[in-house]
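Visitor: This is the structure I want to talk about, given as structure tokens.
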Number of protein chains: 2
Amino acid sequence: MKLGKTLVSVLMIGVVCSTAEVQSQYQGLSPVPFTDVRIEDEFWAPKLETVREKTLPHNLEFCERTGRLSNFAKAAGLMEGEFRGIYFNDSDVYKVLEGAAYLLASHPDKELDKQVDEIIAWIAAAQQDDGYLNSYYTLVEPDKKWTNLKDKHELYCAGHLFEAAVAHYRATGKRTLLDVACKFADHIDSTFGPDKRHGVPGHEEIELALVKLWRVTGEERYLKLAQFFLDERGRERGRRLYGDYCQDHKPIEEQSEICGHAVRAMYLYSGVADIAAITGDKGYIDAMERIWRDVVFRKMYITGGIGPSASNEGFTVAYDLPNDSAYAETCASIGMVLWNHRLNLLHADARFADVVERVLYNGLLSGLSLDGERFFYVNPLASQGKHHRKPWYNCACCPTNVVRFMPTVGGYVYARSEDGIYVNLYVAGQSTVQLNDTSVKLTQQTRYPWDGNVKIIVEPKVPATFEICLRIPAWCENARLKLNGNAVHKLETVKGYVRINRKWKDGDIIELELPMPIERIEAHPNVKGNVGRVALQRGPIVYCLEAVDNGGSVRQLVVTRDAKLTAEHRPELLGGVTVIKGNAVPASSEDWEGKLYRKVSKCRPIEFVAVPYYAWDNREPGEMAVWVPENSGTSIPETQ
Amino acid sequence: MKLGKTLVSVLMIGVVCSTAEVQSQYQGLSPVPFTDVRIEDEFWAPKLETVREKTLPHNLEFCERTGRLSNFAKAAGLMEGEFRGIYFNDSDVYKVLEGAAYLLASHPDKELDKQVDEIIAWIAAAQQDDGYLNSYYTLVEPDKKWTNLKDKHELYCAGHLFEAAVAHYRATGKRTLLDVACKFADHIDSTFGPDKRHGVPGHEEIELALVKLWRVTGEERYLKLAQFFLDERGRERGRRLYGDYCQDHKPIEEQSEICGHAVRAMYLYSGVADIAAITGDKGYIDAMERIWRDVVFRKMYITGGIGPSASNEGFTVAYDLPNDSAYAETCASIGMVLWNHRLNLLHADARFADVVERVLYNGLLSGLSLDGERFFYVNPLASQGKHHRKPWYNCACCPTNVVRFMPTVGGYVYARSEDGIYVNLYVAGQSTVQLNDTSVKLTQQTRYPWDGNVKIIVEPKVPATFEICLRIPAWCENARLKLNGNAVHKLETVKGYVRINRKWKDGDIIELELPMPIERIEAHPNVKGNVGRVALQRGPIVYCLEAVDNGGSVRQLVVTRDAKLTAEHRPELLGGVTVIKGNAVPASSEDWEGKLYRKVSKCRPIEFVAVPYYAWDNREPGEMAVWVPENSGTSIPETQ
């Protein structure tokens, strides 16, 4: 794949070293960065506050305590001692720095800024003269640099450095880390390339990171290098293919099924989507569509979690979605959001934002405890009561991924085209979106995700004609819309959006009503473990039953057919959640003594309480289940 | 445990070397041997015919073809060559001989008789001068005899020799094999004992076999030796305990939970029940009760299969009864019948006969194909379509166990006390039961298990007062009874039997009506895989859904709540079976394209057909399921 004509014209813009970015030219959407979105709601705002006050300091402390920070000082010769930990631990520091930078961007904090500068100083000092930077190799195997691209994650760590550097530069305007990143990128670029050394990272990440570095620096070589790494993948050019665990079994444009390590796949395809948006490469775009269908129609948990298997931290076969043993790594959920966000921008199609929402509110958010200091690595959909979040992991990818992801949530709310604003998520707050002709202030008022009523106040700087596209979530039926108090009849969606094209003036009001009945969801019958079971969903929130709310045991409950389900908001519970209540049959009733089998009998239903899945395991430990058997629970008159 | 007073008085009878047996004195029941029961029904009679015409010759042929027979000739020096196969292959030959003897007992057959004599001649020739007999040790490790009681099954093989010898002697009156058995038993008795060598078999079997040998010979040493082996079990006397895999973790009278290898457990406890019936040993009797409750209330499949785990061919923890991976070895089912039959005799309690019936008609009978020449080793309760009976196994315990068990089915129909006849199974045919005062001819007329109407014609040789006890199956509600045409009101059962004590005269007629509605059965909620599922049962027959009857797929079917289930007899199907038909929702309906999850929706029910579990895998291969999800399958109106 060569750089297309379109790209060349983009690159003509030349090196841009301000926050103004090089723009993609493929006719997709542009993001509205989280820095332009102020979240002021009951749901996300307190969580983001927790991330800032708890999760970031917690991560910094653990990076310190576990030697992750001092590895750089040691590599720089500023400190005595051996490398500590796993060979890719540098990446954790970069991810925490990235998170810190995002938080600095929205909340200036002198002390944090200073702390970040100190860490950056160590990192910079650890960089070798030729630009190489990896504390493990410098300290442990200085002669083995670039000898094991498949397993040793040097390029992966470099990618996270680049992301951190871009974030830090954007947040602070300081080039300290960006210069380090560029110097390392230059070193990598001088080492790898079509006419240099061939090779690809075993763990993808650098591809999307190089695109970011290109966007902020305008340095064409970085974009070409990203393309090179993608183009090499699955091609046996002077090296042995890594196989499908690393998505390196065939060229990307020939791939059709998701396979291998889930996080790697998501990072890779995020990079592919980035490049596809820039070049319009049809091979890449078609491959993404095939793979997306494979994931979303066959290999995704209802929580949006992906990668069912612990053995490869990744994918198996279609419909293999066991509940108890679901791996569904938190990092993979984050990757799923990164990828689907890019696909949404690429295609301006709400089905990708539907996935973003599903993951975000369920299988991603579950990764973080309400107190902000414990993390799930693995996100099962059922538990016997022994699965709990931990403060840290030896392989700390998930805690550090959470801290860099969460501050960016606002970046998923809107997207824009030249003359259109896309509303992808409903989150109360204020935002300013730049269009070609004007800038538009948007104020969302809503109690989403607990309530589907959304009021959007539109305030263009000057009255202007543009399109506002409102995503109608796939879970929603019978959405209703009012414009300045007048009902809009016959809502039509195009690619999942209701599009309102008009001349907008200051104070125009959109009122969107997204009814949120409680839904019983069934899974595709090929998902064997879910046959005869239902999951409860309300709006975007997937629910689960926890032992603590249900008399100590939930795995023996059967939801009765005639159960009336009701929603009740409990502000005091789990940071404020809407619970679902209904009747279930305690399959474990009194008269099982001395019986292993019996004729189905009438049982007195008991009330159960379901809580949002993301919030489970924040109270007394106990059983949990998302998919609950559903049956009548009453006796059936039989004929012979 | 010492021989109790009761036993001593029994043994005072002295050596009895005719078919008249030494009787137990513990106040239990005595068996009515299958030789006194002529089966003339549509269900068992054709199967027994198949066993005689197909299964026995098939087993003999495979014993021949696999070197099992010639191992004896080689050990005897009558043939050149090395030992072939597994070290316990002798036991297969003994089991086939046992089966052949049972068939000779009811169907004299000169050719078979001659063939059996020839095999016995080889076996006798292989016996060493001191009585030792084991072709593996003689040929392979002649210096290692009795060095590995735990693993090498010498005592196990000896036990099967004894059972075969007793059967052959009873069937033919010939002492050829019995003499071999006694000589070997004498050798073992001279080797092991309280004041000789301590030790127990790793695989139990010899205990119950020694009791049989004692019954037919009256030789007290054999009974004492059986008791010795039981008494040693779980006691560390000059040897290391084998652990719970071999039920050798604690003394039998201290055991409370079933554990380890299922077949071993069943053979052991059958021997224990035998001894308990003779001695009245309370420690043994109480242990059997505790263990029985553990098995039947916590660890038994609805088919009567036991031992869920392949890893130990045995038991795990309570309620661990997975369907797809159910091991439920055919031999273990046979063992379950042997044990429960003995407990029924011991306690005159129908709950044990209930288990016999459950196992017999389901998880045991499934072991044999309808054509009589293929066998399940493993009897799962669900299949993806790849589990099939095979003509033989390298470890051939199951095929050879089937051929020795099936001819004895008639022996489970009746039992007797001094002045009472117990009807445990309902099988059309004729029988003569000896009571103290008279002999009674009983003629059962019934289409059981397809129909619960049973007519029993009672013909005592002379009018006499005795009790006829009719088992009311645990599955049956609202049984009705007529005596000489007059309804008996208020049927009362004692220990599961309706007891009719009167002066019986020639031609008295009992009419028993056991209604057989189709029942939906649910499992104890702790059986995780069955939550929300039901099994269908009608009379004693457990049903399953096979792909061949249901459009190629059954694992996606959900039985609807309002499904009317009907029974229909199909004489042409599977040797004549009653099928169950009803409505199920094809969870796999048309509109799943592009969906992995959806709101539960209205589905058009389709008719399903269920067939008896025992008869599955006799047609086109395909999926099978016993436990079927049950739910409404219709949409649920929700409120918020």
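The values are calculated or read from the model by the stated rules, or taken from the named source; none is laboratory data. Treat the numbers as computed from the prediction; the structure is a model and nothing was measured. Note that we place each Cβ from the backbone using ideal geometry, even for glycine, and neighbour counts take in every protein chain shown. SASA here: full protein model, heavy atoms, side chains in, ligands and nucleic acids out. Shrake-Rupley method; radii C 1.70, N 1.55, O 1.52, S 1.80 Å.
Visitor: If one takes the accessible area of chain B alone plus chain A alone and subtracts that of the pair, with a 1.4 Å probe, what total in Å², rounded to the nearest 100, results?
Guide: Numbers: alone 25420 and 25450 Å², together 45550 Å².
Buried area (both sides, nearest 100 Å²): 5300 Å².
Visitor: Report, as an integer, the average count of C-beta atoms from other chains found within 10 Å of each Cβ along A:532-542. Intermediate values should be presented prior to the final figure.
Guide: Numbers: counts 16, 4, 5, 2, 1, 2, 2, 0, 0, 0, 1.
Rounded to a whole number, the mean comes out at 3.
Visitor: How far, in degrees from 0 to 90, does helix B:154-172 lean away from the longest principal axis of the Cα atoms of chain B, to the nearest 10?
Guide: It works out to around 90 degrees.
Visitor: At 1.4 Å probe size, with every protein chain present, just tell me what the per residue accessible area of the range B:189-294 comes to in Å².
Guide: Here the per-residue accessible area is 29 Å².
Visitor: Right, here's the next one. By how many nm would the segment from A:Lys495 to A:Glu477 lengthen if fully extended, with 0.36 nm per residue of separation less the alpha-carbon distance?
Guide: Details: separation 18, 0.36 × 18 = 6.48 nm, distance 1.54 nm.
Length gained between A:Lys495 and A:Glu477: 4.9 nm.
Visitor: Another one. With the contact rule set at Cα under 8 Å and sequence spacing of 6 or more, what percent relative contact order holds for the range A:518-629? List each step's numbers first, then the result.
Guide: On the way: 208 pairs, mean separation 40.2, N = 112.
Contact order relative to length: 36 percent.
Visitor: Using a 7 Å offset from Cα along the direction of the beta-carbon, what are the separations from B:Asn486 to the same position in each other copy, nm, ascending?
Guide: For B:Asn486, the other copies' label points sit at 9.3 nm, shortest first.
Visitor: Relative to the other copies, what are the label-point distances for B:Gly81, with labels 7 Å from Cα along the C-beta vector, expressed in nm at one decimal and sorted shortest first?
Guide: 7.3
Visitor: Calculate the dipole size of chain A relative to its Cα centre from +1 charges on Lys and Arg beta carbons and -1 charges on Asp and Glu beta carbons; express the result in debye to the nearest 20. Walk me through the numbers on the way to the answer.
Guide: Values: 76 positive and 85 negative charges, 197 e Å.
Dipole size: approximately 940 debye.
Visitor: May I pose another question? Give me the percent of Cα-Cα pairs in the range A:415-513 that sit more than 15 Å apart, rounded to a whole number.
Guide: Here the tail beyond 15 Å accounts for 58 percent of pairs.
Visitor: Here is a further query. What fraction of the Cα pairs in the protein assembly as shown, stated in percent, has a spacing above 54 angstrom? Mind showing how you got there, number by number?
Guide: Working: 318991 of 818560 pairs.
For the protein assembly as shown, the fraction of Cα-Cα distances above 54 Å is 39 percent.
Visitor: Could I ask something else about it? Can you give the three extents of the C-alpha atoms in the range A:518-629 along their principal axes, from longest to shortest, in whole Å?
Guide: 44, 32, 25
Visitor: Under 4 °C and 1.567 mPa s, how fast does chain B diffuse according to Stokes-Einstein, given a Kirkwood radius computed over C-alpha pairs? Answer in µm²/s, whole number. Let's see the in-between values first.
Guide: Numbers: Rh = 25.6 Å.
Once the numbers are plugged in, D ends up at 51 µm²/s.
Visitor: Can I ask one more? Relative contact order for the range B:112-206: what percent, with Cα pairs under 8 Å and sequence separation of 6 or more? Working shown, then result.
Guide: Working: 88 pairs, mean separation 34.6, N = 95.
RCO, the range B:112-206: 36 percent.
Visitor: Which order, highest average first, do A:501-513, B:367-379, A:574-586 follow once you tally other Cβ atoms within 10 Å for each residue and take the mean per peptide? Mind dumping the intermediate values first?
Guide: Numbers: A:501-513: 16.0, B:367-379: 21.8, A:574-586: 19.8.
By packing density, highest mean first, the sequence is B:367-379, A:574-586, A:501-513.
Visitor: I've got another one for you. Work out the mean other chain Cβ neighbour count within 10 Å for the residues of A:277-285 and drop it here as an integer. Mind showing how you got there, number by number?
Guide: On the way: counts 0, 0, 0, 0, 0, 0, 0, 0, 0.
Averaged over the peptide's residues, the number is 0.
Visitor: Here is a further query. State, as an integer percentage, the relative contact order of chain B based on alpha-carbon contacts under 8 Å between residues 6 or more apart.
Guide: On the way: 1401 pairs, mean separation 83.3, N = 640.
Rounded, it is 13 percent for chain B.
Visitor: Rounded to the nearest 5, what % of the DSSP beta bridges within the range A:415-513 are antiparallel ones?
Guide: Details: 39 of 43 bridges.
So the antiparallel bridges amount to about 90 percent of the total.
Visitor: A further question on this structure: Give me the net charge of A:Tyr377's neighbourhood, meaning all other residues with Cβ under 14 Å from the Cβ of A:Tyr377; Lys, Arg count +1, Asp, Glu -1.
Guide: Numbers: positive: A:Arg374, A:Arg389, A:Lys390; negative: A:Asp92, A:Glu313, A:Glu329, A:Asp617.
With Lys, Arg at +1 and Asp, Glu at -1, the net is -1.
Visitor: Would you mind computing, in nm to one decimal, how far apart the modelled labels at B:Lys386 and A:Asp451 are, each placed 7 Å from Cα along Cα→Cβ?
Guide: Distance between label points: 5.4 nm.
Visitor: Follow-up question, since we're still on this one. By how many degrees, between 0 and 90 and to the nearest 10, does the Cα long axis of helix B:330-347 differ from the longest principal axis of chain B?
Guide: 80 degrees
Visitor: At 7 angstrom along the Cα-to-beta-carbon line, where would the label on B:Arg65 sit relative to the other copies? Give the distances in nm, shortest first.
Guide: 6.8
Visitor: Once you list every other residue whose beta carbon is under 10 Å from the beta carbon of A:Gln537, what net charge do they have if Lys and Arg are +1 and Asp and Glu are -1?
Guide: Values: positive: A:Arg358, A:Arg520, A:Arg538, B:Lys599; negative: A:Glu519.
That sum, taken over residues with Cβ under 10 Å, equals +3.
Visitor: For the range B:471-516, with equal point scatterers placed on the C-alpha atoms only and solvent neglected, what are the log10 I(q)/I(0) values from the Debye formula at q = 0.15, 0.22, 0.26, 0.28 1/Å, to two decimals?
Guide: The Debye formula, applied to the Cα set alone, gives -0.39, -0.81, -1.06, -1.18.
Visitor: With label points built 7 Å along Cα→Cβ from the Cα atoms of B:Lys595 and A:Ser439, find their separation and express it in nm.
Guide: Rounded to a tenth, the inter-label distance reads 4.5 nm.
Visitor: Here are some pairs, A:Lys299/A:Lys495; B:Lys144/B:Lys390; A:Lys74/A:Lys196; which of them have Cα atoms lying more than 29 Å apart in this structure?
Guide: Numbers: A:Lys299/A:Lys495 23 Å; B:Lys144/B:Lys390 34 Å; A:Lys74/A:Lys196 31 Å.
Result: B:Lys144/B:Lys390; A:Lys74/A:Lys196 exceed 29 Å.
Visitor: Something else now. With all protein chains present, how much of the accessible area of the protein assembly as shown (probe radius 1.4 Å) comes from carbon and sulfur, to the nearest whole percent?
Guide: On the way: 21930 of 45550 Å².
Accessible surface attributable to carbon and sulfur in the protein assembly as shown totals 48 percent.
Visitor: Can you give the FRET efficiency to the nearest 0.05 for B:His107 and B:Glu568, using r as the Cβ-Cβ distance and R₀ = 41 Å?
Guide: Numbers: r = 34 Å, r/R0 = 0.83.
Here the calculated transfer efficiency is 0.75.
Visitor: Note down the net charge around B:Ala165, summing +1 for each Lys or Arg and -1 for each Asp or Glu among other residues with Cβ under 14 Å from its Cβ. All intermediate terms of the calculation are to be shown ahead of the outcome.
Guide: Numbers: positive: B:Lys95, B:Arg170, B:Lys174, B:Arg175, B:Lys183, B:Lys212, B:Arg215, B:Arg404; negative: B:Asp90, B:Glu98, B:Asp117, B:Glu163, B:Asp179, B:Asp186, B:Glu205, B:Glu219.
Its environment carries a net charge of 0.
Visitor: How would B:Leu470, A:Leu338 line up by accessible area, probe 1.4 Å, largest first? Walk me through the intermediate numbers first.
Guide: Values: B:Leu470 0, A:Leu338 25 Å².
If we order B:Leu470, A:Leu338 from most to least accessible, we get A:Leu338, B:Leu470.
Visitor: If I fit a long axis through the Cα atoms of helix B:110-126 and take the longest principal axis of the Cα atoms of chain B, what angle between them do I get, 0 to 90°, rounded to 10?
Guide: It works out to around 50 degrees.
Visitor: Shielding of A:549-558 by partners, i.e. mean partner chain Cβ atoms within 10 Å per residue? Don't jump to the answer; show the numbers that get you there.
Guide: On the way: counts 0, 0, 0, 0, 2, 0, 4, 7, 3, 7.
Partner-chain Cβ atoms within 10 Å, mean over residues of A:549-558: 2.
Visitor: Here's a follow-up. On a C-alpha basis, how far is the centre of the range B:504-543 from the centre of the range B:74-137 in Å? Whole number, if you could?
Guide: 42 Å
Visitor: Take every DSSP beta bridge with both residues inside the range A:313-469 and express the antiparallel ones as a percent of the total, to the nearest 5. Intermediate values should be presented prior to the final figure.
Guide: Numbers: 19 of 22 bridges.
Here the antiparallel bridges make up roughly 85 percent for the range A:313-469.
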